[in-house]
Amino acid sequence: MTAAQRKILVVEDENIVAMDLRASLTALGYQVTDTAGTGHEALESAQQRQPDLVLMDINLRGEMDGITTADLMRTRYDLPVVYLTAFSDDATLRRARVTEPFGYLLKPFDERELHIAIEMAIYRHQAQREHERLLQERSARAAIEKQHRWTRFLAEAGEKLSATLDVKATLESLVRLAVPQLADCIAVHVKEGDEIRTPVIHHAHGKKELLADLLRRGCANVIRTGQPELLAASAEKDLASLGFESQICVPLTIRGTTDGALTLLTAESGRVYGPDDLQNSIEFARRCSTALENAKLYQLARDAVAMRDEFLSIASHELRTPLTAMLLSVQGLERAAAPSADAAVRDRTKRIVHQVRRLIALVDALLDVSRIAAGKLELDPEQCDLALLAREVAGRFSEPARQSGSELRVQAPDRLIGVWDPLRLDQVLTNLLSNAVKFGAGKPIEVAVDADDGAARISVADKGIGISRDKVAVIFDRFERAVPGRKYGGLGLGLYIARQMVEAHGGRIEVESEPGLGTTFVVEIPRNAVR
């Protein structure tokens, strides 16, 4: 910017001095926007004409002197002011200094001094503005980067907090996340009845034992009210003595109830928490609350499943003894009725034996489920003939298959020797053939057994009702069924148990099915299966 482009406002209450200044400034190449004799005139002219610089006399007409006017120029319009005055006493200088002037010329002065003062003032003002602009840009970039870091932190926190459904592991994970990203020390408090426990506390440099009791006392109000708190750690003398600077405590709220709190502290990092940190901590606590809720719900579900499995195990054991006694008694009754000429009695005793055997099979299935859930399923492998086993199991189903209208065919070599648990493979074949007879719709059922050097394969195929595609993915799960239970009966455990038995042998079981076209189950197991 050249001198001719610089616009100057002259504030001088003596007209002759003002005219001389206008002439000198014009001679130096400046543009004088206006001359004013009072503070109010100067402020109005500055607002309307927007000069680059104000030359201000301290002694003005009216109630506002030059110092008051200059201060308003600076705060309202950010204009640089150079004082032109005959006053140089200490009191005036002290008052003038408060307005942060860009120059102070004592009258009289020559044009060169005036020119230098104006150029230096405008240059300093422009440099100051540029510096402030750079600081604002730097601050804006820092704020954006801080927000990006916070967003990345929340994403990482969400990922890590959802990586486990164990309550203790979740608590440990959240404190490791927060130190040192959010705090130098963090503690998790949980409410248990009327007591507050601090199960997890983490500090970048130890000090856990010294802090737990202090922080429990501090979080009681947050847990009681559900309202976050931002405090200076120095407000707590004992915390201050441990070197802590700033403290935030935020509630952990699950389903509208405050079940705990997070306490975050700063120490060696020198950070001082502010309102933005409080909001970030509240957001972090929300995510932690969600993760803890999920972990607690999962733990409740696991406990419920464990109780159910324990009940099934106990009930199965307790039921097996009277059922065995009942079966023996009914079998004795069946033998006694055999010589009888009364066909109705023989038929009824036969049906009773069948139903008792069926009940024992259901109890055994529940017992197997409880063993599997407890990780106590064991194999008793021995050398056995899989081809012979398949024919024996198929033989037991020949009569049920005939009654349902299905022809049962077995394709197997004369011998197929391997090391397996024959009782468990018997269960697998029994469950697969039971399904084939039940859902075969009176159409042929085929059992095929073959092998190569490394593995044996069993397939059980029917041409019956088939399985819908949405059920194929779940039929091997516990209590899952491909058809309505009321129509076909059963507990939905047979295929689950079969898969567990096969996998215990190191094998796999697969299914192919189309509704209305039938179902084929294929089992593949190593020839020497040792668990």
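The values are calculated or read from the model by the stated rules, or taken from the named source; none is laboratory data. Keep in mind that this is a model prediction, so the values were computed, not measured. In this analysis, Cβ positions are derived from the backbone assuming ideal geometry, glycine residues included, and neighbour counts consider all displayed protein chains. Each accessible area value is taken on the protein alone, full model and side chains, heavy atoms only, with ligands, DNA and RNA left out. Shrake-Rupley method; radii C 1.70, N 1.55, O 1.52, S 1.80 Å.
In summary, helices (runs of 4 or more DSSP H) completely within the stretch 1-118 and bearing 1 or more residues that are out of contact with any Leu (no Cβ under 9 Å at 6 or more places or on another chain), within 27 Å of R129 (Cβ to Cβ) and modelled with pLDDT of 90 or more occur at 15-27, 39-49, 66-72. The single condition among (1) under 29 Å from D90 (Cβ atoms); (2) touching a helix residue (DSSP H, G or I) at 6+ places or on another chain (Cβ under 7 Å); (3) touching a residue at least 60 places away in the same chain (Cβ under 8 Å) that L21 does not meet is (2). What about R409, is it loosely packed, with under 15 Cβ neighbours inside 10 Å and either touching a strand residue (DSSP E or B) at 6+ places or on another chain (Cβ under 7 Å) or in a helix (DSSP H, G or I) (or both)? Answer is yes for this residue.
Here the condition is being under 23 Å from Y123 (Cα atoms), surrounded by fewer than 17 Cβ atoms within 10 Å (Cβ to Cβ) and among the small types (G, A, S); of A86, A27, it holds for A27 alone. Taking first residues from the stretch 399-427 that are modelled with pLDDT of 90 or more and partners that are of a type in the set (F, W, Y) and not in a strand (DSSP E or B), the Cβ contacts under 7 Å between residues at least 6 apart in sequence or on separate chains come to L408/F397. For the stretch 111-122, check the following and say yes or no: at least one residue is in contact (Cβ under 8 Å) with a residue 60 or more places away in the chain and more than 28 Å from D57 (Cα to Cα). No, there is no match, as no residue in the stretch 111-122 is in contact (Cβ under 8 Å) with a residue 60 or more places away in the chain and more than 28 Å from D57 (Cα to Cα). Of the residues making up the stretch 312-325, just one is open to solvent by 90 Å² or more (accessible area, probe 1.4 Å) and either modelled with pLDDT of 70 or more or of a type in the set (D, E) (or both), namely E318.
Within the stretch 443-463, is even one residue at pLDDT below 90 and within 14 Å of T520 (Cα to Cα)? No, that holds for no residue. Close Cβ contacts (under 9 Å, 6 or more residues apart or on different chains) running from residues in the stretch 511-529 that are within 20 Å of L495 (Cα to Cα) and assigned to a strand (DSSP E or B) to residues that are among the charged types (D, E, K, R) and open to solvent by less than 30 Å² (accessible area, probe 1.4 Å) comprise G518/D462; T519/D462; T520/D462.
For the stretch 374-398, a residue qualifies if it is assigned to a loop (DSSP other than H, G, I, E, B), without any contact (Cβ under 8 Å) to a residue 60 or more places away in the chain and either open to solvent by 80 Å² or more (accessible area, probe 1.4 Å) or among the aliphatic types (A, V, I, L, M) (or both), and the qualifying residues are K376, D380. Candidates in the stretch 243-300 are the residues that are in contact with a Ser or Thr (Cβ under 6 Å, 6 or more places away or on another chain) and of a type in the set (S, T, N, Q); of these, the one that is nearest to E195 (Cα to Cα) is T253. Within the stretch 62-79, identify whether any single residue is open to solvent by 20 Å² or more (accessible area, probe 1.4 Å) and within 23 Å of D110 (Cα to Cα), and answer yes or no. Taking every residue of the stretch 62-79 in turn, none turns out to be open to solvent by 20 Å² or more (accessible area, probe 1.4 Å) and within 23 Å of D110 (Cα to Cα). For the stretch 165-172, state whether one or more residues are open to solvent by less than 60 Å² (accessible area, probe 1.4 Å), at pLDDT below 80 and touching a Phe, Trp or Tyr at 6+ places or on another chain (Cβ under 9 Å). Yes, the conditions are met somewhere in the stretch 165-172.
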